[in-house]
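Notes follow once the structure below has been shown.
The values are calculated or read from the model by the stated rules, or taken from the named source; none is laboratory data. Everything numeric here is computed off the predicted structure, so don't read it as measured data. With ideal geometry, Cβ positions are generated from the backbone for all residues, glycine too; neighbour counts draw on all protein chains shown.
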């Protein structure tokens with residue numbers, strides 16, 4: 001299958017490109033390097049060194065024997081989108097070309113506006129490009145479980161059937177996002193749902209949980225094939241950040257009580273799920289929503305797993321809760337479905353400690369690199385006030 | 001009360017400014033004249049001639065004895081928003097500074113993108129401006145009943161309490177908008193709801209029905225005080241367009257079966273409702289939603305009322321259904337609440353024929369002006385395909 005990946009230089013994009021090549025698909029991609037610049041703006045780097053896009057492409061060609069067609073450019077420019085779709089004629093368009101950070105969107109007005117308009121524009125251009133150039137193509141858009149927020153009812157996959165005042169209907173499940181970024185994903189979901197209804201577009205909207213992991217199998221030990229791994233408080237997500245903290249002996253820092261429940265899945269599982277969705281496209285005019293995660297965990301519980309695995313490997317580290325810079329519930333119901341992908345054959349990986357062990361082993365060689373940027377672990381972007389680094393909620397341990 | 005009106009030069013904005021002055025409030029406004037340019041782009045004009053902003057302001061000062069502070073400029077520029085809020089220190093910010101046309105947003109990719117980013121940016125700037133300059137101010141944002149679409153269950157005011165799989169919650173009512181414009185209003189509602197939760201902002205989100213009417217009382221017969229009245233297929237809404245059609249003997253053209261039900265209210269009622277919301281602001285941190293309409297009517301039924309009133313006045317006109325350029329249900333449930341404004345004392349005007357009679361009387365002197373632009377009555381912007389003027393569904397009568 002011909003798959004075009006918008007945002008191929010990112011954490012998921014670069015892994016997906018290789019996973020698809022390994023599965024025998026034809027891959028093209030575009031990126032303008034924004035993720036590298038955003039992380040640099042946060043004063044951080046990828047824990048795992050990443051190659052330039054030129055070297056990445058050469059490495060992929062060496063490893064997989066087939067090359068990736070690549071466009072260096074900004075998908076907010078429609079002419080570029082049109083050119084790519086005309087040239088490559090994709091059967092699937094995977095939309096990873098959005099800014100993926102909640103804290104980044106909460107920095108200030110400019111960042112909030114940037115994240116929402118950037119994400120809106122790239123989605124719009126892909127939607128109209130598909131309509132006008134390759135209307136049979138399947139749009140696979142990355143959303144987030146964070147679109148739903150934490151309602152006091154179970155979370156279905158996108159839609160639910162309800163009775164209300166004696167009438168029944170199947171309605172979109174209400175979204176209650178918790179950051180400007182998360183709302184940008186809701187705006188995008190709404191636009192994709194409408195485009196699908198309007199033009200008969202095939203669309204899959206993936207409400208993805210938090211992804212963790214440093215590699216997928218086909219990356220081998222070629223440094224050109226490795227994907228990035230962020231640990232700063234804006235682009236480093238929970239488990240990835242905890243693992244990097246463990247490497248340098250920084251306390252693991254769940255926010256608040258750490259009882260926030262979220263869906264999580266390994267990078268390997270994320271690649272499997274996306275590939276299942278790609279290989280089993282929706283019907284013409286079908287807009288389907290998959291909740292994509294392996295298990296639900298409380299964030300604090302994952303910190304304890306990372307601590308325990310690290311200890312087995314001789315890395316002693318404390319778990320020390322920090323002030324929560326976000327505005328979110330600490331205790332809440334969280335019962336999301338994920339039947340859609342299971343129906344396509346997805347079997348969640350259950351060995352979370354095993355994945356974390358692999359991650360720590362991958363990260364040990366990069367201790368100095370993480371150590372040099374350890375200041376980025378603690379967040380200073382607060383949801384409701386002026387920027388100021390959060391404090392530990394307990395006395396900071398001596399290793400901090 | 002000090003009220004700042006974003007989009008003061010528009011159909012509702014200019015009427016509201018005067019209604020508020022007449023009620024003794026202090027009024028400021030900003031506009032960059034986009035509505036005039038959009039209607040010009042559609043090849044049309046306001047049926048009722050409107051004065052320049054300079055003359056409007058002079059007229060208002062003559063009539064009401066107090067002048068309106070006015071900023072000529074684009075609210076997509078944050079510096080302007082900040083300057084206005086600092087200078088005027090509003091207690092209420094009424095957000096009418098958005099592009100209000102569904103067909104305009106459906107022209108092509110550029111227009112869709114413009115409407116969504118324009119509406120997103122002005123809302124963002126007002127939200128952040130209020131947060132940073134006048135955090136106690138009440139934001140009154142104009143949304144539309146069209147945000148809800150036409151679900152098969154009754155429509156509450158913004159939120160509903162439901163039971164789902166044995167759990168109960170109060171959730172945002174799902175939105176199912178029917179155009180890029182309507183979705184832009186949903187995106188805006190979501191952003192305002194979030195800002196309110198985040199910063200404790202006072203906000204009223206008005207889901208307004210279709211407004212019709214040519215004047216409010218305090219406009220007298222001063223042409224400088226008259227508000228615009230559009231009749232082109234993009235900016236002219238149902239009843240306003242039907243009245244202009246009647247004036248020049250063009251068949252009244254409900255789309256499709258004409259059974260689409262919508263909430264409607266007169267311009268006078270709209271002004272009353274907005275003023276009630278302004279004079280009764282929500283509490284700090286409260287985000288409230290009002291469904292703002294007087295009655296629910298089928299569009300075809302209103303065409304028949306216009307026909308009948310026109311006939312009484314000696315204006316013979318046919319009702320001749322046209323192809324529906326939109327993608328919408330013709331037959332559907334439509335049971336929206338509007339208790340919130342009633343609780344504040346709103347009494348809907350019941351005399352629809354009376355309002356239509358006044359409108360026709362107001363429009364008769366402008367017959368030549370409407371006649372010169374009669375080509376704009378029939379829509380050519382189709383929701384799902386290339387632009388092409390719609391046909392009558394019955395044989396076009398000879399008067400057409």
Residue hits (the stretch B:26-72; at positive phi and touching a helix residue (DSSP H, G or I) at 6+ places or on another chain (Cβ under 6 Å)) are B:43
Which condition number in (1) under 27 Å from residue B:335 (Cβ atoms); (2) in contact with a strand residue (DSSP E or B) (Cβ under 9 Å, 6 or more places away or on another chain) is the one that residue A:166 fails? (2)
Those residues of the stretch B:31-56 which are without any contact (Cβ under 8 Å) to a residue 60 or more places away in the chain, buried (at least 16 other Cβ atoms within 10 Å of the Cβ) and over 15 Å from residue B:227 (Cα atoms) amount to B:32
Kindly evaluate residue B:161 against the criterion of being buried (at least 22 other Cβ atoms within 10 Å of the Cβ) and touching a strand residue (DSSP E or B) at 6+ places or on another chain (Cβ under 7 Å). no
What is the one condition in (1) free of Cβ contacts under 8 Å to residues at least 24 places away in the same chain; (2) crowded, with 19+ Cβ neighbours inside 10 Å; (3) more than 23 Å from residue B:230 (Cβ to Cβ) that residue B:28 does not satisfy? (1)
When you scan the stretch B:11-67 for helices (runs of 4 or more DSSP H) that lie fully inside it, which ones turn up with 2 or more residues that are under 17 Å from the mean Cα position of the chain (by Cα) and under 24 Å from residue B:208 (Cα atoms)? B:11-22, B:34-41
Picking from B:135, B:156, the residue that is within 11 Å of chain A (Cβ to nearest Cβ) and more than 26 Å from residue A:119 (Cα to Cα) would be B:156
Restricting the stretch B:83-114 to residues that are under 29 Å from residue B:276 (Cβ atoms) and within 14 Å of chain A (Cβ to nearest Cβ), the one surrounded by the most Cβ atoms within 10 Å (Cβ to Cβ) turns out to be B:102
Picking from A:328, A:279, A:286, which residue would you name as being within 14 Å of another protein chain (Cβ to nearest Cβ) and touching a residue at least 60 places away in the same chain (Cβ under 8 Å)? A:328
Is it true that residue B:178 is under 14 Å from residue A:171 (Cβ atoms) and either more than 7 Å from chain A (Cβ to nearest Cβ) or assigned to a strand (DSSP E or B) (or both)? no
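Here's the yes/no breakdown for (1) surrounded by fewer than 24 Cβ atoms within 10 Å (Cβ to Cβ); (2) more than 14 Å from chain A (Cβ to nearest Cβ); (3) assigned to a loop (DSSP other than H, G, I, E, B):
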{"site": "B:168", "(1), (2), (3)": "yes, no, no"}
{"site": "B:171", "(1), (2), (3)": "yes, no, no"}
{"site": "B:174", "(1), (2), (3)": "yes, no, yes"}
{"site": "B:197", "(1), (2), (3)": "yes, no, no"}
{"site": "B:207", "(1), (2), (3)": "no, yes, no"}
{"site": "B:218", "(1), (2), (3)": "yes, yes, no"}
{"site": "B:232", "(1), (2), (3)": "no, yes, yes"}
{"site": "B:244", "(1), (2), (3)": "no, yes, no"}
{"site": "B:258", "(1), (2), (3)": "yes, yes, yes"}
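Listed here are the residues, each with its yes/no results for (1) at pLDDT 95 or above; (2) over 19 Å from the mean Cα position of the chain (by Cα); (3) farther than 25 Å from residue B:285 by Cα.
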site: B:95; (1), (2), (3): yes, no, no
site: B:102; (1), (2), (3): yes, no, yes
site: B:116; (1), (2), (3): yes, no, yes
site: B:133; (1), (2), (3): yes, yes, no
site: B:153; (1), (2), (3): yes, yes, yes
site: B:157; (1), (2), (3): yes, no, no
site: B:163; (1), (2), (3): yes, yes, yes
Among the residues of the stretch B:376-383, is any at pLDDT below 95, touching a strand residue (DSSP E or B) at 6+ places or on another chain (Cβ under 8 Å) and closer than 21 Å to residue B:253 by Cβ? no
If you check A:311, A:335, which single one turns out to be surrounded by fewer than 19 Cβ atoms within 10 Å (Cβ to Cβ), modelled with pLDDT of 95 or more and touching a strand residue (DSSP E or B) at 6+ places or on another chain (Cβ under 8 Å)? A:335
Hey, residue A:117 within 25 Å of residue B:181 (Cβ to Cβ), within 13 Å of another protein chain (Cβ to nearest Cβ) and touching a strand residue (DSSP E or B) at 6+ places or on another chain (Cβ under 8 Å) or not: no
Looking only at the stretch B:246-256, count how many residues are crowded, with 23+ Cβ neighbours inside 10 Å and over 27 Å from residue B:332 (Cα atoms). 3
Tally the residues that are under 16 Å from residue A:240 (Cβ atoms) and in contact (Cβ under 8 Å) with a residue 60 or more places away in the chain, restricting the search to the stretch A:289-308. 7
